[in-house]
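The values are calculated or read from the model by the stated rules, or taken from the named source; none is laboratory data. The structure displayed is predicted, hence computed values, not measured ones. Neighbour counts are summed over all protein chains in view; Cβ atoms, including those assigned to glycine, are modelled from backbone coordinates with ideal geometry. All accessible areas refer to the heavy atoms of the entire protein, side chains included, with ligands and DNA or RNA removed. Shrake-Rupley method; radii C 1.70, N 1.55, O 1.52, S 1.80 Å.
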Amino acid sequence: ADKAGRQLNLMALSYDENRVKLFEELGRANIALMLSWHEGFGLTGWEAVAGEVPLIIGRDTGLHQLLTETFGESFVNAYVRTIDVRGQISDTANFLPEDERDVCNAIIECTANLENARKAAAKLKRELKEKWVCTWENTAKQFLVGLGTQPPVIITTDIQSLQICISEAEAKHHRKIL
């Protein structure tokens with residue numbers, strides 16, 4: 001707050017299996033932080049992207065790597081604030097003064113024009129959906145291909161019919177393994 005010149009309210013969210021509640025709380029946030037030294041993927045950041053919340057992310061995370069490999073570094077920097085989280089193992093603080101400085105600067109930069117940061121977050125979500133064709137139908141097809149089954153031509157969006165197709169594909173795959 002001292003460095004930002006204004007009051008900041010921090011709301012740390014704990015793990016919650018209630019997705020509706022999580023996204024309601026996330027939707028009230030101005031910024032999401034995923035400041036891991038190293039993260040295999042990072043669902044926290046992914047949930048922020050899904051919720052169209054401006055994101056400050058550590059460079060050494062799987063999510064940053066995925067976004068960079070998909071779109072390139074300059075694209076990612078246009079939509080996500082990225083910092084190098086150096087960190088340390090210590091009895092007093094697990095962050096370094098440089099980490100604190102970089103996080104403060106990223107927060108100030110993001111909140112200086114929050115409206116643009118929110119627009120960028122929404123655009124990142126749209127770009128990801130377009131690039132990966134994020135639909136239930138495509139996800140089901142990819143799942144079936146992953147099972148080694150040719151996806152059927154599905155002309156329905158009826159969830160029960162899709163579940164039957166997936167169950168049949170799983171059973172067929174299971175027989176292949178046996």
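Here are a few things to note about the model shown:
The rows are residues; the columns are (1) in contact with a Leu (Cβ under 7 Å, 6 or more places away or on another chain); (2) modelled with pLDDT under 90.
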| site | (1), (2) |
| --- | --- |
| Phe41 | yes, yes |
| Val49 | yes, no |
| Leu55 | no, no |
| Gly72 | no, no |
| Ile83 | no, no |
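- Test: Trp46 is in contact (Cβ under 8 Å) with a residue 40 or more places away in the chain and aromatic (Phe, Trp, Tyr): no
- Tabulated pairs, segment 117-137, first part of a helix (DSSP H, G or I), second open to solvent by 60 Å² or more (accessible area, probe 1.4 Å), C-beta under 6 angstrom, 6+ apart or interchain: Ala121/Glu52; Ala122/Glu52; Lys125/Glu52
- Selection within segment 28-39 - at pLDDT below 85 and outside any loop (DSSP other than H, G, I, E, B): Glu39
- As for segment 26-33, it holds at least one residue that is open to solvent by 90 Å² or more (accessible area, probe 1.4 Å) and over 16 Å from the mean Cα position of the chain (by Cα).
- Taking the listed residues Thr70, Thr82, the one that is within 21 Å of the chain's Cα centre (by Cα) and assigned to a strand (DSSP E or B) is Thr82, with no other qualifying.
- Any hit, segment 80-90, residues being under 23 Å from Glu130 (Cα atoms) and in contact (Cβ under 8 Å) with a residue 40 or more places away in the chain: yes
- Where Gly72 falls short, out of the listed (1) within 20 Å of Ala122 (Cβ to Cβ); (2) in contact (Cβ under 8 Å) with a residue 12 or more places away in the chain: (2)
This table checks each residue for (1) under 11 Å from Pro54 (Cα atoms); (2) modelled with pLDDT of 90 or more.
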| site | (1), (2) |
| --- | --- |
| Tyr79 | yes, yes |
| Ile89 | no, no |
| Thr92 | no, no |
| Phe95 | no, no |
| Glu98 | no, yes |
| Asp102 | no, yes |
| Asn105 | no, yes |
| Cys110 | yes, yes |
| Leu114 | yes, yes |
